[in-house]
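Colleague: What follows is a structure written as structure tokens; I'll ask about it next.
The values are calculated or read from the model by the stated rules, or taken from the named source; none is laboratory data. Since we're looking at a predicted model, the values are computed, not measured. Every residue, glycine among them, receives a Cβ derived from its backbone with ideal geometry; neighbour counts consider all protein chains shown. Ligands, DNA and RNA are stripped out before the accessible areas are found, and what is left, the full protein with its side chains, is counted by its heavy atoms. Shrake-Rupley method; radii C 1.70, N 1.55, O 1.52, S 1.80 Å.
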Amino acid sequence: MKTTHFDRDFPVNNKVITRELLEKEYPGYLRHVKNAFEAGQIHIFRWWNEITASEKKNLLDQVSTIDFGLIKKVFNDAVLKPARTSRDNLTPPPIITFPKKDAEKEMAHKAKLTGEISLQKGEIAILTVAGGDGTRLGINGPKGTFLITPITRKSIFQLHAEKIVAAQKRYNTRIPWYIMTSKSNDSATQNFFKVHNFFGLNSHQVCFFTQDMVPVVDLQGNVMMDSKSNIIMSPNGHGGALMALKEKNVLNDMKRRGIKNIFYHQVDNILVKIADPVFIGHHMRNSSEVSLKIVKKCDPEEKVGIVVYIDGNLHMIEYSELSRKDMYEKNENGTLKYHAGNIAVHMINIDFLEKVYQSGESLPYHAAIKKVPYLDEDGNVIDPKQNNAIKFESFIFDILKYVKKSVIMEVLREDEFSPIKNMEGENSPETSRQDMVNQFGRWLRNIGVSIPVDVRGNVIGLIEISPCFAMDEEELKNKVDKQLQFNGKLLL
């Protein structure tokens, strides 16, 4: 990435366009063009004399949204000289384990009461990160529109919406739902909600906002293009949610509504227990700034982020960053020492977020090496066979380094974590639907219904229980008990 000095003229492929002409034809863009030139990205204008006026306007509009100086810095920091967190003094974090003993169950009950009071007061907002598309799942649209439930084939968005509807009814409150989209799927997402009448929610309580996009660069740091007038852009990662809360004025809207804490989750986890009062209560009773739900790793090499303490500070590190020794190290009782798998479900305190914003600190960008089709310098579309591009992403868990008070709460994977990442195999629609059926089967089995299972323990057949009928096993049991008391038999 070479730096070019932009003085008087606008040089393109041995031709010159004067600054005066550029300013006359496209007023207000000159400084943005200058920034691109001085950051060494002159090549994005190589087809300037070939493209139409509207295409020129499109390119300049893109250029005006890009901080080329930041891209240069991010490339240097993330690729040329990436900082590596020290792995010295690595220790497991304190965890509120899944309650088994009476004292643990009593603590969970007290936390639940605290969380329920906060929900009743209208102090909790839901933040769903939904910027991804469903191409890997075989659909042309936002991932949240994928039809997922086992029998009625409700979309992921509808499933989450019904959980919120049910929580509002249970706690006699209104829970605002903030959905972060990307610029590529925002319109389709909003139209999907409008067509389905917001799935029973008031349209004023569902708020959409977009995350920022950043240019994709090649392995030398040069911005890539997929046409002669279009720069390839990519969403800035789930950490972009925290940036967008401030930049899109979302946090102020939350404060106006009296929100004190945010329940954060990603759209593709179909088992997420939205607005879980136990989690909310633990977070509040411990005056936590950011809280996390975790599950125990399935095996030492499971590809999931691990929550740890490093030099006394909370961190989330990738599974690949653990040494083989740490990956397999065990406690005296034979369990994995570093087992706390991050499932991207958090509680975030609004006052804490404002302190981070006021400090001027920002989340770092990470480099993800990908295969990305692009336009070469001769104007040919190239579909690469090997990784050729870098996408820059920020991660929400990087905010943990600022956290002084936190809660890490263990939940059962089979109850709360089943993400959809792939079309087939692990973490696919097939496995997620089976996880839903298995969960409903456990609920029914625990209230006395005989449910057949196969040799792997999976429920045979299909079961679906709407959140609007029962949000959890306890509610299902209460409704069944009432039915038995009313007519003496169970009708399912």
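Colleague: Just give me the residues in segment 373-386 being in contact with a strand residue (DSSP E or B) (Cβ under 6 Å, 6 or more places away or on another chain) and surrounded by 12 or more Cβ atoms within 10 Å (Cβ to Cβ), in sequence order.
Modeller: Tyr374, Leu375, Ile382
Colleague: Here's another thing I want to ask about it. Being surrounded by 12 or more Cβ atoms within 10 Å (Cβ to Cβ) and part of a helix (DSSP H, G or I) is the filter; apply it to segment 480-492 and report the residue that is modelled with the lowest pLDDT.
Modeller: Taking segment 480-492 first, the residues surrounded by 12 or more Cβ atoms within 10 Å (Cβ to Cβ) are 480-481, 483-484, 490.
From what's left, part of a helix (DSSP H, G or I): 480-481, 483-484.
Working: Val480: 84, Asp481: 81, Gln483: 70, Leu484: 65.
Checked segment 480-492; the qualifying residue modelled with the lowest pLDDT is Leu484.
Colleague: In addition: Out of segment 143-154, which residues are surrounded by 20 or more Cβ atoms within 10 Å (Cβ to Cβ) and in contact (Cβ under 8 Å) with a residue 60 or more places away in the chain?
Modeller: Hits for segment 143-154 are Lys143, Gly144, Phe146, Ile148, Thr149.
Colleague: While we're on this one: Just to be sure, is Pro94 more than 23 Å from Leu375 (Cβ to Cβ), at pLDDT 90 or above and assigned to a loop (DSSP other than H, G, I, E, B)?
Modeller: Criteria met by Pro94.
Colleague: Of (1) part of a loop (DSSP other than H, G, I, E, B); (2) among the aliphatic types (A, V, I, L, M); (3) under 26 Å from the mean Cα position of the chain (by Cα), Ile51 satisfies all except one. Which?
Modeller: (3)
Colleague: Between a residue in segment 220-232 that is in a loop (DSSP other than H, G, I, E, B) and any residue that is among the acidic types (Asp, Glu) and open to solvent by 10 Å² or more (accessible area, probe 1.4 Å), which pairs come within a Cβ distance under 9 Å, given they are 6 or more apart or on different chains?
Modeller: Met224/Asp218; Lys228/Glu50; Lys228/Glu55; Ser229/Glu55; Ile232/Asp226
Colleague: A further question on this structure: Would you call Ile139 free of Cβ contacts under 8 Å to residues at least 12 places away in the same chain and touching an Asp or Glu at 6+ places or on another chain (Cβ under 9 Å)?
Modeller: Here the answer is yes, as Ile139 does meet what is asked.
Colleague: Further question on the same structure: Touching a strand residue (DSSP E or B) at 6+ places or on another chain (Cβ under 8 Å), open to solvent by less than 30 Å² (accessible area, probe 1.4 Å), assigned to a loop (DSSP other than H, G, I, E, B) and closer than 23 Å to Lys273 by Cβ, is that true of Gly122?
Modeller: No.
Colleague: Next up: Quick one: which helices (runs of 4 or more DSSP H) sit completely within segment 253-372 and have at least 3 residues that are surrounded by 22 or more Cβ atoms within 10 Å (Cβ to Cβ) and touching a residue at least 24 places away in the same chain (Cβ under 8 Å)?
Modeller: Working: elements: 277-285, 324-328, 350-359.
Qualifying helices (runs of 4 or more DSSP H): 277-285.
Colleague: Condition first: modelled with pLDDT of 95 or more, within 28 Å of Gly258 (Cα to Cα), outside any loop (DSSP other than H, G, I, E, B) and open to solvent by 10 Å² or more (accessible area, probe 1.4 Å). Can you find one or more residues in segment 125-132 that meet it?
Modeller: Yes, segment 125-132 has at least one match.
Colleague: Could you tell me whether segment 418-430 includes any residue that is over 18 Å from Lys296 (Cβ atoms), open to solvent by less than 20 Å² (accessible area, probe 1.4 Å) and part of a helix (DSSP H, G or I)?
Modeller: Checked against the condition, which is being over 18 Å from Lys296 (Cβ atoms), open to solvent by less than 20 Å² (accessible area, probe 1.4 Å) and part of a helix (DSSP H, G or I), segment 418-430 yields at least one hit.
Colleague: Checking the conditions here, which among Glu162, Glu104, Glu116 is closer than 23 Å to Val411 by Cα, part of a helix (DSSP H, G or I) and either out of contact with any helix residue (DSSP H, G or I) (no Cβ under 7 Å at 6 or more places or on another chain) or at pLDDT below 95 (or both)?
Modeller: Glu104
Yes/no per residue for (1) touching a residue at least 60 places away in the same chain (Cβ under 8 Å); (2) part of a strand (DSSP E or B):
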residue: Ala188; (1), (2): no, no
residue: Phe199; (1), (2): no, no
residue: Val214; (1), (2): yes, yes
residue: Gly237; (1), (2): yes, no
residue: Leu245; (1), (2): yes, no
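Colleague: Sticking with this structure for a sec: For segment 381-406, which positions are part of a helix (DSSP H, G or I) and of a type in the set (A, V, I, L, M, F, W, C)?
Modeller: If the condition is that a residue be part of a helix (DSSP H, G or I) and of a type in the set (A, V, I, L, M, F, W, C), then Ile396, Phe397, Ile399, Leu400 are the ones that fit.
Colleague: Still on this structure, I have one more. Mind listing whichever residues of segment 86-119 are surrounded by 13 or more Cβ atoms within 10 Å (Cβ to Cβ) and under 30 Å from Tyr365 (Cβ atoms)?
Modeller: Arg87, Leu90, Pro92, Pro93, Ile95
Colleague: Quick one: in segment 241-299, which of the residues that are small (Gly, Ala, Ser) and under 19 Å from the mean Cα position of the chain (by Cα) is nearest to Lys421 (Cα to Cα)? Don't jump to the end; show me each part of the working.
Modeller: Going residue by residue through segment 241-299, those that are small (Gly, Ala, Ser) are 241, 244, 258, 275, 281, 287-288, 291.
Within this subset, residues satisfying the condition of being under 19 Å from the mean Cα position of the chain (by Cα) are 241, 244, 275, 291.
Values: Ala241: 20, Ala244: 24, Ala275: 23, Ser291: 24 Å.
Per the stated criteria, the residue is Ala241.
Colleague: Of all residues being of a type in the set (A, V, I, L, M) and open to solvent by 80 Å² or more (accessible area, probe 1.4 Å) in segment 70-85, which is modelled with the lowest pLDDT? Just the residue, please. Step through it out loud before you land on a result.
Modeller: As a first pass, look at segment 70-85 and keep what is of a type in the set (A, V, I, L, M): 70-71, 74, 78-80, 83.
With open to solvent by 80 Å² or more (accessible area, probe 1.4 Å) added as a condition, the list becomes 80, 83.
On the way: Leu80: 76, Ala83: 58.
Per the criteria, the residue is Ala83.
Colleague: Given the criterion assigned to a helix (DSSP H, G or I) and among the hydrophobic types (A, V, I, L, M, F, W, C), identify the matching residue among Met436, Met409.
Modeller: It is Met436.
Colleague: Now for a different question. So which residues in segment 155-175 are surrounded by fewer than 22 Cβ atoms within 10 Å (Cβ to Cβ) and in contact with a strand residue (DSSP E or B) (Cβ under 7 Å, 6 or more places away or on another chain)?
Modeller: Across segment 155-175, the qualifying residue is only Ser155.
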